[in-house]
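Please treat every number below as a calculation from the coordinates, not as lab data. All of these numbers come straight from a predicted model, not from anything done at the bench. Glycine gets a Cβ as well: all are built from the backbone with ideal geometry, and neighbour counts include every protein chain shown.
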Amino acid sequence: MNNFNRKGLIINLSIFLILVLIINGLLFGFGWDTNPDAARLKEPYIDPSGTLIGSVWVVLTLILSLARWLTLEKLTIKQLELRRKITLLLILCISYPLYTLAISGLVGIYAGLLVNIIILSVIIYILIVNKSLVNRFGLLVLPVFFWVIFATTVILSELDIIF
């Protein structure tokens, strides 16, 4: 998993893909995707389907897995720190349904908002602190950044703060 070769890439992609598919399977298996009480106070202005959201998270997980694997190219302290931050992003993103849809009402919405803020903070940290590495990894974390901004907009819409 922590080798910068083809096998390491395949293992990185496979492990995180399997994890996101298991979590998405739980999401649909327990019916959290259709539960009317699951983290909903108000119908948001923009409401993408659960299938679209799950598909986006699968793609974003693969992108972050690739970014994590790329940190293995050089075993420096900066690369190790960056790999830890990207692994944290992967864990937060993969477990997203567990602390949003699995928790009903206002608590689920605020949990999602809090974790979105944490994810955005980690991405901003990666982009600011690792300026010399941004050319490679910044482009890979930016899709997650923009998706989480979108998800935050949906949450703020549910709270009737915007739109």
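A few notes on this one:
- Rough spin-label spacing in nm, given labels placed 7 Å along Cα→Cβ, for LEU139 and LEU26: 3.4 nm
- Net charge in the neighbourhood of CYS93 (other residues with Cβ under 13 Å of its Cβ; Lys, Arg +1, Asp, Glu -1) is +2.
- Approximating the spin labels as points 7 Å out from Cα along Cα→Cβ, the ILE117-to-VAL129 distance works out to 1.9 nm.
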